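The values are calculated or read from the model by the stated rules, or taken from the named source; none is laboratory data. Not measured: the values here are computed from a predicted model. Ideal geometry is used to build each Cβ from the backbone, glycine not excepted, and the neighbour counts take in all protein chains shown. Remember, those area values only see protein heavy atoms, side chains included, never the ligands or the DNA or RNA. Shrake-Rupley method; radii C 1.70, N 1.55, O 1.52, S 1.80 Å.
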Amino acid sequence: DAMVIQNPRYQVTQFGKPVTLSCSQTLNHNVMYWYQQKSSQAPKLLFHYYDKDFNNEADTPDNFQSRRPNTSFCFLDIRSPGLGDAAMYLCATSRDSGGGQPQHFGDGTRLSIL
Amino acid sequence: GESVGLHLPTLSVQEGDNSIINCAYSNSASDYFIWYKQESGKGPQFIIDIRSNMDKRQGQRVTVLLNKTVKHLSLQIAATQPGDSAVYFCAENNAGNMLTFGGGTRLMVKP
């Protein structure tokens, strides 16, 4: 009974070709996060939504954008993927933004760039 | 700056032995810490958490110890099993429920 669901699990795209990754949650959590994780590294936060309020990390490339059309869904759009964008992309949720709550992760989408 | 780090990148243990994974943090104001387990090809899975008003918390086969004096966190796994093989991340909870992850420790369990 998956609670944070990411589709697809594997995505291959061409250099420069826009790609969208999706995340859905059944937890009814207010906050959704997108992380990038490269091999043998810790997850790196790209941005998060508190409800519909979008919060971008200062070092997230402009190439990365996100949409959250409703509570359950969140999308990561990469406008012009470069080779350096090949990574695992993780979605996570938390009930709200008050401290002291664990984030719940999906199993990620592994993005490959040809 | 604030950071969370791990002392050992790889830990190899014999099946049945106890494992101890260590983590150091630098933000003395942090009041909530989480350990995650990440298996190959999967997302981080919550294992156990601890708040700064506690020194120890136990779960099923896992114990987290928090030493605020030296800003040190550890995860103990009792009777380590092959299924425990994974990368383990500690994470420090910051304002706005943001997480700062440590670098990760790979646990390898030898049969």
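Annotation: of all residues in the stretch B:41-95 being among the hydrophobic types (A, V, I, L, M, F, W, C) and more than 21 Å from B:L11 (Cβ to Cβ), the one that is nearest to the other protein chains (Cβ to nearest Cβ) is B:A95.
Taken residue by residue, the stretch B:96-108 has at least one member that is touching a Gly at 6+ places or on another chain (Cβ under 6 Å), within 13 Å of another protein chain (Cβ to nearest Cβ) and either in a strand (DSSP E or B) or buried (at least 19 other Cβ atoms within 10 Å of the Cβ) (or both).
Residues in the stretch A:21-73 that are out of contact with any Gly (no Cβ under 7 Å at 6 or more places or on another chain), surrounded by 16 or more Cβ atoms within 10 Å (Cβ to Cβ) and aliphatic (A, V, I, L, M): A:L21, A:V31, A:M32, A:L45, A:L46. Can we say A:L76 is crowded, with 20+ Cβ neighbours inside 10 Å, more than 11 Å from chain B (Cβ to nearest Cβ) and in contact with an Asp or Glu (Cβ under 9 Å, 6 or more places away or on another chain)? It is false that A:L76 is crowded, with 20+ Cβ neighbours inside 10 Å, more than 11 Å from chain B (Cβ to nearest Cβ) and in contact with an Asp or Glu (Cβ under 9 Å, 6 or more places away or on another chain).
Can you tell me which residue is surrounded by the fewest Cβ atoms within 10 Å (Cβ to Cβ) among those in the stretch B:23-38 that are at pLDDT below 95 and of a type outside the set (A, V, I, L, M, F, W, C)? Per the criteria, the residue is B:S28. Restricting the stretch A:41-70 to residues that are touching a strand residue (DSSP E or B) at 6+ places or on another chain (Cβ under 8 Å) and among the polar types (S, T, N, Q) leaves a set whose member that is farthest from A:G106 (Cα to Cα) is A:N63. Of all residues in the stretch A:93-112, exactly one satisfies the criterion of being more than 8 Å from every other protein chain (Cβ to nearest Cβ), open to solvent by less than 10 Å² (accessible area, probe 1.4 Å) and either aromatic (F, W, Y) or under 18 Å from B:M98 (Cβ atoms) (or both), namely A:T93. Consider the stretch B:39-65 and keep the residues that are open to solvent by less than 20 Å² (accessible area, probe 1.4 Å) and more than 11 Å from the chain's Cα centre (by Cα). The one that is nearest to B:G104 (Cα to Cα) is B:P44. The residues of the stretch B:73-95 that are in a strand (DSSP E or B) and either open to solvent by 20 Å² or more (accessible area, probe 1.4 Å) or of a type in the set (G, A, S) (or both), listed by number, are B:S74, B:Q76, B:A86, B:V87, B:A91, B:N94. So, in the stretch A:1-20, of the ones that are farther than 19 Å from A:P81 by Cα and of a type in the set (A, V, I, L, M, F, W, C), which residue ends up surrounded by the most Cβ atoms within 10 Å (Cβ to Cβ)? The qualifying residue surrounded by the most Cβ atoms within 10 Å (Cβ to Cβ) is A:V4.
Considering only strands (runs of 3 or more DSSP E) fully contained in the stretch A:1-84, which possess at least 3 residues that are more than 15 Å from A:S112 (Cβ to Cβ) and of a type in the set (S, T, N, Q)? Break it down into steps so the answer makes sense when it comes.
Numbers: elements: A:4-7, A:10-13, A:19-25, A:31-37, A:44-50, A:53-56, A:64-67, A:73-78.
Result: A:19-25.
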